[in-house]
Amino acid sequence: MTNASGTHSDAHSAPAGRGPWSAPPGTARINPAGRRLVVISNRVGSMRGAVRAGGLAVAMVDMLKASGGIWCGWSGKLAPVSPERPEVTQADGMTAATIELTQAEHDAYYNGFANSCLWPLFHNRIDLTAFDRSYYDGYLKVNAKFARVFAPLFKAQDLIWVHDYHLIPFAQELRAMGCRQPMGFFLHIPFPPRDVLLTLPNAGRLLQALFAYDVIGFQTDRDVERFVDYVVNEQDGRVSGDVVTVFERSAVVRSFPIGIDVDNFVQLAGSAEAKRQAERLATRRFAGRQLIVGVDRLDYTKGLPLRFLAYELLLETYPETHGRLVYLQIAPPTRGAVPEYAQIRAELEGLEGHINGRFAEVDWTPLAYINRAYSRRALAGIYRAADISLVTPLRDGMNLVAKEYVAAQDPADPGVLVLSRFAGAAVQMRAALIVNPYDKVAVAEALQTARHMPLEQRRNRHAELMRGLRDYDIDRWRTDFLEALAAAGARHVAAEA
Ligand code: ADQ
């Protein structure tokens, strides 16, 4: 692992949870040193919604409750006129502050610049990237509005943690209003290579906006390297240790690979609902057959058409799989207003029909493709029942499904993870079967290897993967980030004194 300076990063090797607000393992470790935490993301998760939405939202809520913090963002609702004041609600020691957006704001900011421009671009899909100036204007306006509406809620001692590509210019807007709190930004998606980023007409301005933050966090050291490559070679930036200086500002730039709440997922997999779900799969639909599972948001970055084709190739190459293997792909639709998402949906339906039409028998359907979301518990049961998990994104910041699958396994008889080398998770999960998702022959062969992997090898790989999951879990991710942010804030104070 290398960091911004090309030296060994401590992001993966520092002891977990040793921050000023760390308590012994097993107790709530998050207590931001007397400072209140403010989280800003596109959408705000409610506590009930957070449990459904998964580990990340739960981790945020825990952290906010521990500091009496605030979570700010879009309410998820559209209104004819967007208000200038947030709706503030309080529950269980945390505050949620939300605003509604107009359809036009949402179209330009969310469907437009965030999801039709930055999302494809950062995932190396220049071919799908819509460079529309009106999208960028709308994006800047909504970021400015977020800053205007939420800033009155912030206190001088707060730590401000901003999430993801929707909100890159948010801190710059706050700074222009005179806010001096420590501000950190975490990018959940990959950072693109320099040549890809340079296709964005306003890349320089966007990158300059990032330097209003004190800490800029990425999923992996590869993302850090790509970011530094751009800043040094295109903007004359300087790097010293993990501090990058450019545009007359300095920021700490580091990787903070996101993890999961491992024990919670182990417990979920042992819950009554998970067991019911697993039994349902084992005794009814997939009785006596090996099960491959894929769980992804329906998104063109997840590599689903190629994955279907790799499965088809497996069925074609190894006729002994017929009647003995089922691939269950769960993919709930997202971002329906962006045309590429409707296209991928239609493409997958066509491929599903083609594969089942070609290979199915009256008593066997080789591919089950389901477009719905499941509860965390049901999902844990599905993972547990699966002999193989197929996680083959073409590009992914991290990929939490790979981690959840491993945590849900029975250590005595674990399944096998087949994982794309282009998921951030592949950096840590070397004991998975790592594949090139563009190479359907390699993916089909990995599936065949997984089908026949001896128990001892499965156990060894699983144990190693679990060690990695526990070493860098969600608690360490949030603690490391907040420590870096608090330290950057302390340096500010010292510099200004
Ligand atoms: P995503 O692109 O959404 O996240 P991922 O990391 O796999 O990708 O997270 C998806 C989450 O949604 C998982 O927790 C999964 O369990 C859940 N999920 C998926 N399908 C589901 C279904 N049918 N029912 C219920 N739950 C479902 C972005 C980045 C990733 C990065 C994360 C976190 O694109 O690279 O890992 O943020 O930083």
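So how strong a dipole does segment 262-471 carry about its Cα centre when Lys and Arg Cβ are +1 and Asp and Glu Cβ are -1, to the nearest 20 debye?
About 500 debye.
Projecting each Cα onto the charge dipole of the chain (Lys/Arg +1, Asp/Glu -1 at the beta carbon, about the Cα centre), which of Ala386, Asn115, Ile344 comes out farthest on the positive side?
So the residue furthest toward the plus end is Ala386.
Taking the Cα centre of segment 139-242 as origin, sum charge times position over the Cβ atoms of Lys and Arg (+1) and Asp and Glu (-1), and report the length of that vector in debye to the nearest 20.
Dipole of segment 139-242, to the nearest 20 debye: 540 debye.
Please work out the Cα center distance from segment 88-135 to segment 314-347, rounded to the nearest Å.
27
For labels at Arg238 and Glu464 in the simple 7 Å Cα→Cβ model, what's the distance in nm?
Modelled inter-label distance: 4.3 nm.
Taking all protein chains together and a probe of 1.4 Å, list Asp221, Asp242 from the most accessible to the least accessible.
So the residues, ranked largest to smallest area, are Asp242, Asp221.
Take the alpha carbon gyration tensor of the chain, find the square roots of its eigenvalues, order them as a ≥ b ≥ c, and report rounded if a/c is under 1.5; if not, report prolate when a/b exceeds b/c, else oblate.
In terms of gyration-tensor shape, prolate.
Any idea how far apart Leu309 and Arg358 come out in nm if each label point goes 7 Å out from Cα toward Cβ?
About 1.1 nm separates the two model spin labels.
So if I place +1 on the C-beta of Lys and Arg and -1 on the C-beta of Asp and Glu, and nothing else carries charge, what would the dipole magnitude of the chain be about its Cα centre? I want it in debye, nearest 20.
The dipole of the chain has a size of about 940 debye.
Compute the accessible area per residue over segment 203-326, keeping the other protein chains in place, probe 1.4 Å, unit Å².
Per residue, segment 203-326 has an accessible area of 39 Å².
For Cα pairs less than 8 Å apart in space and 6+ apart in sequence, what is the mean separation divided by the residue count of segment 172-280, i.e. the relative contact order in percent?
Result for segment 172-280 is 25 percent.
Please give the length that would be gained between Met177 and Arg43 if that part of the chain were fully extended, namely 0.36 nm times their separation in residues minus their C-alpha to C-alpha distance (nm, one decimal).
This chain segment gains 45.9 nm when fully extended.
In whole Å, what is the distance between the alpha-carbon centres of segment 418-477 and segment 228-253?
So the separation of the two Cα centres works out to 34 Å.
List the residue ranges in the chain for DSSP H helices whose C-alpha atoms run 30 angstrom or more along the long axis and whose Kyte-Doolittle average is -0.5 or above.
Membrane-span-like by this criterion, though nothing is claimed about a membrane: 474-496.
Heads up, I need the accessible area for Ser240: 1.4 angstrom probe, whole protein in place, Å², nearest 10.
The value for Ser240 is about 80 Å².
Express as a percent, rounded to the nearest 5, the fraction of DSSP beta bridges in segment 262-471 (both residues included) that run antiparallel.
If we restrict to bridges inside segment 262-471, about 5 percent are antiparallel.
Where a ≥ b ≥ c are the square roots of the eigenvalues of the C-alpha gyration tensor, would you call segment 262-471 rounded, which needs a/c under 1.5, or, failing that, prolate if a/b is larger than b/c, or oblate?
It is rounded, given that a/c, with a ≥ b ≥ c, falls under 1.5.
In whole angstrom, and with the biggest value first, how far do the Cα coordinates of segment 368-443 range along each principal axis?
31, 31, 24
If amide hydrogens are placed 1.01 Å from N in the peptide plane, which non-local residues have theirs closer than 5 Å to the one on Val162?
Ile40, Gly184, Phe185, Phe186
Show me 350-362, 472-484, 86-98 ranked by packing, highest mean number of other Cβ atoms within 10 Å first.
Highest-to-lowest ranking by the protection proxy: 472-484, 86-98, 350-362.
What's the ranking of 394-401, 256-263 by average number of surrounding C-beta atoms within 10 Å, highest first?
Taking the mean over residues of other Cβ atoms within 10 Å, the ranking is 394-401, 256-263.
Given labels modelled 7 Å from the Cα in the Cβ direction, how far is it in nm from Leu153 to Glu273?
Output for this residue pair reads 2.8 nm.
According to the square roots a ≥ b ≥ c of the eigenvalues of the Cα gyration tensor, what is the shape class of segment 276-361, taking rounded for a/c under 1.5, prolate for a/b larger than b/c otherwise, and oblate for the remainder?
In terms of gyration-tensor shape, oblate.
Lys/Arg Cβ at +1, Asp/Glu Cβ at -1, dipole of the chain taken about the Cα centre: which of Phe185, Asn399, Phe265 is farthest positive-ward?
Ranked along the dipole, the leading option is Phe265.
Take every Cα pair under 8 Å in segment 262-471 that's 6+ residues apart, average their separations, divide by the length, and report that relative contact order as a whole percent.
Rounded, it is 26 percent for segment 262-471.
5 Å is the cut-off here: which amide hydrogens, built 1.01 Å from N in the peptide plane, fall below it relative to Val435, excluding neighbours closer than 5 in sequence?
Residues meeting the amide H criterion: Leu419, Ser420, Arg421.
Taking amide H atoms as placed 1.01 Å from N in the peptide plane, list the residues 5 or more away in sequence, or in a different chain, whose amide H sits under 5 Å from that of Ser389.
Here the answer is Val293, Val416, Leu417, Val418, since their amide H atoms fall under 5 Å of that of Ser389.
Relative contact order, percent, of the chain when contacts are C-alpha pairs under 8 Å separated by at least 6 residues?
Once normalised by length, the contact order is 15 percent.
Which whole-Hz couplings ³J(HN,Hα) result when phi for each residue of segment 239-256 is put into the Karplus expression 6.51 cos²θ - 1.76 cosθ + 1.60, θ = phi - 60°, listed in order with x for Gly and Pro?
So the J values, rounded to whole Hz, are 10, 9, x, 9, 9, 10, 10, 6, 6, 6, 9, 10, 9, 7, 10, 8, 8, 9.
Please work out the FRET efficiency for the pair Glu456 and Arg324, using the Cβ-Cβ distance as r and a Förster radius of 22 Å; give the result to the nearest 0.05.
After rounding to 0.05, the efficiency reads 0.45.
Solvent-accessible area of Glu234, probe 1.4 Å, all protein chains present, reported in Å² to the nearest ten, please.
The accessible area comes out at roughly 70 Å².
The values are calculated or read from the model by the stated rules, or taken from the named source; none is laboratory data. Every value quoted in this text rests on a predicted model; they were computed, and no experiment measured them. Backbone-built Cβ (ideal geometry, glycine too); neighbour counts: all protein chains shown. What goes into the accessible areas is simple: the full protein's heavy atoms, side chains included, and nothing from ligands, DNA or RNA. Shrake-Rupley method; radii C 1.70, N 1.55, O 1.52, S 1.80 Å.
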